[in-house]
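Working notes for the structure below.
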Amino acid sequence: MYRGFNLLVPEGSFQGYLEDGLGSYKSQKARVRSTLDSFVDTDGSLIASRLTADWFPNISSEVFISYSHKDSELAIRLAGFLKFEFGIISFIDSCVWGFADELLKLLDDRYCWQEKSQTYNYKMRNRSTGHVHMMLSTALARMMNDCECIIFLNTPHSISPVNYIRGQVTDSPWIYSEIAMTSLLQKRSPSDHRELAKSTVIANEALRIRYEVDLKHLTELTSVDISMWKKRSAGIKGVDALDVLYELSN
């Protein structure tokens, strides 16, 4: 990671770029899905090292987009905008969340189901959930580390508006984890990244937990900044367009 941005744009932004974004999203999703079965060995063991290393196989991206699942379409449109206008490939992290649940279901059906009571074993389910979520977090951190730029899509869905004036608050553990990770990852120069790229259940009451997040280390971007970036990058594609963004944000 080189730079992180806190992007504040209206919900209706990036109209007209959905199809471009869906193309990248579906491609990434298919690649992730194709490896799911390989995470369970012949003896039924879950291979953690293979999962954390290969959950995102053959996905090379310049930008990692972090966002609330309620903003999925907006994030996909943003990815489409980046691809169409600048030729920049984005990693859309929600393409793996559904597969995390699918992997959990696979493990729980095999190891946690109690035939006699027709229920899942509570303690064993806690263990399987902990393992899968920890491995997903590790795999996401690896992808964030490999991406040159990280954009946090800051909307009322990702940051609680009621508590915003008291400090940024989110009810998503994944957003909390990803934002925290951006402040911990080793910063690498754009040239380092580019050289490396060349070489390589329904409940009655939902549980809600709020996480305080610190966004001060992320450079704030607005719709005006995005428009200026597009204007100044006319004819410039790929990572060179990111250099224009870095210069503009400085």
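The values are calculated or read from the model by the stated rules, or taken from the named source; none is laboratory data. All of these numbers come straight from a predicted model, not from anything done at the bench. Virtual Cβ from ideal backbone geometry, glycine too; neighbours counted across all protein chains shown.
Taken together, Leu22, Leu51, Leu78 contain a single residue that is closer than 23 Å to Ala139 by Cα, surrounded by 19 or more Cβ atoms within 10 Å (Cβ to Cβ) and at pLDDT 90 or above, which is Leu78.
All conditions in (1) over 16 Å from Val63 (Cβ atoms); (2) modelled with pLDDT of 65 or more hold for Leu221, with the sole exception of (1).
Every residue, every condition in (1) modelled with pLDDT under 95; (2) on the phi < 0 side of the Ramachandran plot; (3) more than 23 Å from the chain's Cα centre (by Cα), yes or no:
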{"position": "Glu85", "(1), (2), (3)": "no, yes, no"}
{"position": "Cys95", "(1), (2), (3)": "yes, yes, no"}
{"position": "Gly98", "(1), (2), (3)": "yes, yes, no"}
{"position": "Leu104", "(1), (2), (3)": "yes, yes, no"}
{"position": "Lys116", "(1), (2), (3)": "yes, yes, yes"}
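Within region 25-48, if we keep just the residues that are at pLDDT below 80 and touching a strand residue (DSSP E or B) at 6+ places or on another chain (Cβ under 8 Å), the residue that is surrounded by the most Cβ atoms within 10 Å (Cβ to Cβ) turns out to be Gln28. Among residues of region 118-132 that are under 20 Å from Pro173 (Cβ atoms) and polar (S, T, N, Q), those with a beta-carbon under 6 Å from a residue that is surrounded by 13 or more Cβ atoms within 10 Å (Cβ to Cβ) and modelled with pLDDT under 85 at least six positions away or on a different chain give the pairs Ser128/Leu107.
Can you find even one residue in region 195-218 that is at pLDDT below 95, among the polar types (S, T, N, Q) and part of a helix (DSSP H, G or I)? Show your work before the answer.
Within region 195-218, the subset at pLDDT below 95 is 195-218.
Now drop any that are not among the polar types (S, T, N, Q), which leaves 199-200, 204.
Imposing the further condition that a residue be part of a helix (DSSP H, G or I) reduces the set to 199.
Yes.
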